[in-house]
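Working notes for the structure below.
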Amino acid sequence: MSKKLLVGPATVFTNTPGNSVVPNAGVLCANDRIERVAPFSELAASNNDATRLSTDGKVIVPGLINAHHHLYSTFSRGMPIAATTPLRNFPEILEGIWWRLDRALDLEAVEAGAYPPVMDCLRWGTTTIIDHHASPNAIRGSLQALARVCDEAGIRANLCYEVTDRNGDQGAVDGVQENAQFVRDCQSHRAHGALLGLHASFTVSEQTLALAARQVDPATPIHIHVAEDGADVTRTREQFGKGIIERLEAHGLLRKNSILVHGIHLTDAELDRIAAAQAWLVHNPESNANNAVGHLDVQRAMARGVRVALGTDGMASNMLRAAKSAYLMIRHARKDPTVGFALPRKLLFENNVLLAREIFAEPRLGSIQAGAPADLCVIDYDPPTVLDASTFDGHWVFGMTESPVWATITSGKVRMHRGEFLDLDREKISQRVLAAADGVWERLRQMP
């Protein structure tokens with residue numbers, strides 16, 4: 001017997017062609033799929049047996065998608081850092097913060113640490129994430145640990161482990177094997193997906209790239225940080241005599257639907273090759289500003305045919321704020337107040353959706369229509385002016401991105417409502433996370 005959930009009445013942004021903004025509508029979910037979108041009064045009259053979530057005065061949009069996350073970042077908040085640690089540029093930030101933090105993680109810290117960002121995803125209406133993981137002293141089993149947390153929370157996740165040589169030959173081999181195993185695991189798990197993770201090019205040897213290309217299913221796209229800082233570009237060429245994109249091409253790794261993160265310091269010729277390969281760039285404006293590495297010229301990349309998606313790079317889990325940041329970043333960087341008005345919608349509801357549909361093989365993901373996954377974000381936003389398809393961008397940029405998420409629904413089930421998590425024991429999780437943090441921080445203090 002199907003379990004039905006009726007959500008409404010609300011203004012519904014369906015993210016479908018035609019009349020994409022429907023007033024006074026309801027969304028009827030049956031099990032994990034959307035059954036129908038119609039006037040709320042009509043659905044209410046014919047579905048007395050459905051559980052109801054009243055959303056009067058709210059806006060419903062498809063569950064949001066984060067195209068690049070780092071769930072392992074949790075324990076960086078307030079982490080102990082010696083006062084003498086240099087953090088003057090991005091290579092020093094990597095060495096002084098991130099490469100210390102990931103070495104301090106054990107499997108319990110990997111799993112416990114995933115809860116806060118996953119819960120933040122639900123708190124801010126994100127129902128699908130693409131994650132890039134690192135824990136060099138706890139590689140094997142780390143992706144299944146993350147998957148368990150995502151399963152419990154009801155989040156759809158695509159996961160990978162970042163392969164690198166910076167922790168020795170065995171670490172590189174283990175990273176490749178962890179990716180290969182998770183690719184196999186995901187063949188029987190519809191809610192999850194897998195990519196081949198690689199760390200920045202300058203930390204991955206030719207031998208390791210060849211091993212990864214050989215041992216991981218060749219149909220699997222890659223997920224890699226690319227030209228985030230100029231140091232990645234210069235060090236790669238100094239060490240290997242080739243550019244970043246050239247190296248990937250040489251090993252057959254610049255595959256369709258591969259995710260290349262940042263891309264700030266790529267040349268026009270390299271952007272053209274990414275476009276030709278039908279790979280993706282992922283823009284992370286908040287993280288780029290935080291690390292002072294520059295910004296991706298989104299307009300330039302798109303003009304050259306590159307598909308650009310939007311992520312948070314583990315800095316946060318709030319895609320509403322990321323969308324607003326992308327809008328502000330492009331105007332500030334170009335010093336042009338006429339650009340970027342439609343960019344937040346294009347990134348979140350067109351490009352992120354297309355990327356997720358392709359890597360999860362879900363052709364209606366990211367829309368509110370019959371047959372689509374029942375993933376919904378209910379925003380507590382009562383429009384002060386007319387909200388329709390022609391005015392949506394203005395309400396999205398200046399209204400909804402500044403409004404709280406009232407409820408998050410995944411697979412037809414309410415997961416978060418008014419700040420409360422319906423399937424997660426918040427107190428028990430908090431105790432577990434704090435205990436894991438103690439261990440991580442103690443290991444950090446003992447590092448030379």
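Values as computed for the structure displayed
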{"item": "Residue match in the stretch 217-233 (condition: polar (S, T, N, Q) and either modelled with pLDDT of 95 or more or farther than 30 Å from LEU122 by Cβ (or both))", "result": "yes"}
{"item": "Residues of the stretch 202-217 classified as part of a helix (DSSP H, G or I) and of a type in the set (Ser, Thr, Tyr), total", "result": "2"}
{"item": "Options ALA303, ALA269: the member that is farther than 19 Å from ILE330 by Cα, assigned by TED's automatic domain parsing to the domain that holds TRP98 and surrounded by fewer than 16 Cβ atoms within 10 Å (Cβ to Cβ)", "result": "ALA269"}
{"item": "Output for the stretch 255-264, where each listed residue is surrounded by fewer than 23 Cβ atoms within 10 Å (Cβ to Cβ) and either touching a helix residue (DSSP H, G or I) at 6+ places or on another chain (Cβ under 8 Å) or within 17 Å of THR203 (Cα to Cα) (or both)", "result": "ASN257, ILE264"}
{"item": "Only one of ALA67, ALA25 that is more than 23 Å from the chain's Cα centre (by Cα) and either at pLDDT below 95 or not β-branched (Val, Ile, Thr) (or both)", "result": "ALA25"}
{"item": "Test: residue in the stretch 38-55 that is closer than 30 Å to HIS223 by Cα, in a strand (DSSP E or B) and touching a residue at least 12 places away in the same chain (Cβ under 8 Å)", "result": "no"}
{"item": "When residues of the stretch 71-128 are limited to those that are of a type in the set (Asp, Glu) and more than 13 Å from LEU434 (Cα to Cα), the one surrounded by the most Cβ atoms within 10 Å (Cβ to Cβ)", "result": "ASP102"}
{"item": "Those residues of the stretch 433-448 which are crowded, with 16+ Cβ neighbours inside 10 Å and either touching a strand residue (DSSP E or B) at 6+ places or on another chain (Cβ under 7 Å) or over 17 Å from ALA82 (Cα atoms) (or both), in sequence order", "result": "VAL433, ALA436, ALA437, GLY439"}
{"item": "Options ALA157, ALA200, ALA194, ALA172; residue that is buried (at least 23 other Cβ atoms within 10 Å of the Cβ), over 30 Å from MET319 (Cβ atoms) and not hydroxyl-bearing (Ser, Thr, Tyr)", "result": "ALA172"}
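Quick grid of which residues meet (1) assigned to a helix (DSSP H, G or I); (2) surrounded by fewer than 22 Cβ atoms within 10 Å (Cβ to Cβ); (3) at positive phi:
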residue: LEU348; (1), (2), (3): yes, no, no
residue: LEU355; (1), (2), (3): yes, no, no
residue: GLU358; (1), (2), (3): yes, yes, no
residue: ILE368; (1), (2), (3): no, no, no
residue: GLY371; (1), (2), (3): no, yes, yes
residue: VAL378; (1), (2), (3): no, no, no
residue: TYR381; (1), (2), (3): no, no, no
residue: ASP388; (1), (2), (3): no, yes, no
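The values are calculated or read from the model by the stated rules, or taken from the named source; none is laboratory data. Nothing here was measured: the structure is a model prediction, and the numbers come from that model. Don't worry about glycine lacking a Cβ; one is built from the backbone with ideal geometry, like all the others, and counts go over all protein chains shown.
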